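S.K.: I am attaching a structure below and will ask some questions about it afterwards.
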Amino acid sequence: DSLPAQFRANEQSISKCATDDLVEAFSLILEKPDDYSGYSKMFMARPTTQWYIESNLGYFRLHFDTEGANAIPLADADSNGLPDFIERAANIADSCWLYEVVTLGHLPPVADFDLGGSSQYDLYFQQVPYYGFTSPEIAGPEPWNDFSSHIVVHNSFSPGFPPNDDPEGLVLGALKVTIAHEFYHAIQFSYDVSEVSFFMEMSSTWMEEMAYPQVNDNYNYLPDFFNVTQVGLQAGGGHRYASFIWPKYLQERFGAGIMRTIWELCRNATAITAWGSAINTAGSTIETEFTRFVNWNYHTGNRDIGQHFETGSEYPQVNVMQHHYTLPDSSNFSSLPPEPFGANYIVVENLQGYDGMLVFDFTGLSATVWGVAYTIDFGAGQ
């Protein structure tokens, strides 16, 4: 309300996650504590709420309001005096802990010194223009860059949220994937609070798929990947969420444990270096796997032949940059040169029945590594 009128939006738009903005700001504070020490108090200031409950398994304390702008939905189908929304949220949170920490073997969140009134991990439900966010707070006990945190989740997931496929409805679907997503951020902070945001976000969006594969809320972002394949995996914006397809590929190729390995390596290495080291340990190279990943991405939608992504038929199709209908062909230039960890898709259709060896010749910057993947399509899924 303090903003001048020209900077105020008439309608509130919903964004995916504010964690990356908070981490960026927090990193600046850590780098220049003398300049930004006053701002560090913002990260320590937690919402004030009317009520709280503890989850059945005792992992979480959930803080919420039943009146005012931040009130959660009050429906109480079992008439036990506790809104169904917060009951389900508590059970979802416990399930995420069991899956992400116990089953997948990740580190638990760093203890927060009882800032929320207890030793449990704290979730707050507020009316925010995001699905949610995870806020870093206090340095942990380990020699690496671990930090405690708390999570803020949207208080109602209505209105303005995109559709999802959860059979229980949009609200519960959004609630499930938000807690899964944000709790994985809390886990990431146990490894490296300052890891690059594109990897944090693609990882957490991948975790939505792992924890609640039936919801498919993350499918809303896939066009931001498949429509602009020339954009590299390091890009920001919606591309970070759409790029969950890269961790998804690694998981399907090597098992879910590779993501835990990568985050363990991130304690002492950058994300891309960690990718390469984890893939080497799995018996391959990052060049080989990214090239294969580019090939997998072509076989989605109607091109899916059941040999690539498990649910590839549900994904969009890649944008083909250029078609060639005559052979031989030359003097064609890439209209959308690929960024690092990006790709161009070129389709050569042999309409003339040309018989011979197909040779690709191209000139690219010599300062980087280039790869070529190819698929021969004989039609009828062959």
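The values are calculated or read from the model by the stated rules, or taken from the named source; none is laboratory data. Values in this document were obtained by computation on a predicted structure and should not be read as measured data. Backbone-built Cβ (ideal geometry, glycine too); neighbour counts: all protein chains shown. For accessibility, only protein heavy atoms count, side chains too; no ligands or nucleic acids. Shrake-Rupley method; radii C 1.70, N 1.55, O 1.52, S 1.80 Å.
S.K.: Given (1) of a type in the set (D, E, K, R); (2) under 23 Å from the mean Cα position of the chain (by Cα); (3) surrounded by fewer than 16 Cβ atoms within 10 Å (Cβ to Cβ); (4) within 21 Å of Q230 (Cβ to Cβ), identify the lone condition not met by R292.
M.R.: Going through (1) of a type in the set (D, E, K, R); (2) under 23 Å from the mean Cα position of the chain (by Cα); (3) surrounded by fewer than 16 Cβ atoms within 10 Å (Cβ to Cβ); (4) within 21 Å of Q230 (Cβ to Cβ) one by one, R292 breaks only (3).
S.K.: Within region 351-376, how many residues turn out to be farther than 26 Å from D304 by Cα and open to solvent by less than 100 Å² (accessible area, probe 1.4 Å)?
M.R.: 3
S.K.: I need a count of the residues in region 349-359 that are in contact (Cβ under 8 Å) with a residue 12 or more places away in the chain and out of contact with any Phe, Trp or Tyr (no Cβ under 8 Å at 6 or more places or on another chain). Can you show your working first?
M.R.: Our first condition is that a residue be in contact (Cβ under 8 Å) with a residue 12 or more places away in the chain; within region 349-359, this holds for 349-352, 354, 358.
Narrowing the set further to residues that are out of contact with any Phe, Trp or Tyr (no Cβ under 8 Å at 6 or more places or on another chain) leaves 350, 352, 354, 358.
Result for region 349-359: 4.
S.K.: For region 307-337, give me the residue count where each residue is aromatic (F, W, Y), surrounded by fewer than 13 Cβ atoms within 10 Å (Cβ to Cβ) and either touching a helix residue (DSSP H, G or I) at 6+ places or on another chain (Cβ under 6 Å) or in contact (Cβ under 8 Å) with a residue 12 or more places away in the chain (or both). Please lay out each step first, then the result.
M.R.: Narrowing region 307-337 to residues aromatic (F, W, Y): 309, 315, 325, 333.
Checking the rest, the ones that are also surrounded by fewer than 13 Cβ atoms within 10 Å (Cβ to Cβ) come to 325, 333.
Of the ones still in play, those that are also either touching a helix residue (DSSP H, G or I) at 6+ places or on another chain (Cβ under 6 Å) or in contact (Cβ under 8 Å) with a residue 12 or more places away in the chain (or both) are 325.
The qualifying residues number 1.
S.K.: Let me ask something else about it. Going through N56, N10 one at a time, which residue ends up being farther than 21 Å from E208 by Cβ and either among the charged types (D, E, K, R) or at pLDDT 95 or above (or both)?
M.R.: N56
S.K.: Any residue at all in region 338-350 that's loosely packed, with under 11 Cβ neighbours inside 10 Å and either touching an Asp or Glu at 6+ places or on another chain (Cβ under 8 Å) or of a type in the set (G, A, S) (or both)?
M.R.: no
S.K.: Just to be sure I understand, how many residues within region 81-91 are in contact with a helix residue (DSSP H, G or I) (Cβ under 7 Å, 6 or more places away or on another chain) and open to solvent by 10 Å² or more (accessible area, probe 1.4 Å)?
M.R.: Residues of region 81-91 that are in contact with a helix residue (DSSP H, G or I) (Cβ under 7 Å, 6 or more places away or on another chain), as a first pass: 88-89.
From the residues that got through so far, the ones that are open to solvent by 10 Å² or more (accessible area, probe 1.4 Å) too are 88.
Matching residues across region 81-91 total 1.
S.K.: Right, something else. Six or more apart or on different chains, Cβ under 9 Å: which pairs go from a residue in region 55-68 that's farther than 9 Å from A93 by Cβ to one that's acidic (D, E) and open to solvent by 10 Å² or more (accessible area, probe 1.4 Å)? Could you list them?
M.R.: If the second residue must be acidic (D, E) and open to solvent by 10 Å² or more (accessible area, probe 1.4 Å), the pairs left are R61/E54.
S.K.: May I ask you to say which residue of S190, S149, S156 is among the small types (G, A, S) and open to solvent by 10 Å² or more (accessible area, probe 1.4 Å)?
M.R.: S156
S.K.: Here is a further query. Only one of (1) open to solvent by 10 Å² or more (accessible area, probe 1.4 Å); (2) part of a helix (DSSP H, G or I) is not met by P167, so which one is it?
M.R.: Evaluating P167 over (1) open to solvent by 10 Å² or more (accessible area, probe 1.4 Å); (2) part of a helix (DSSP H, G or I) leaves (2) as the failure.
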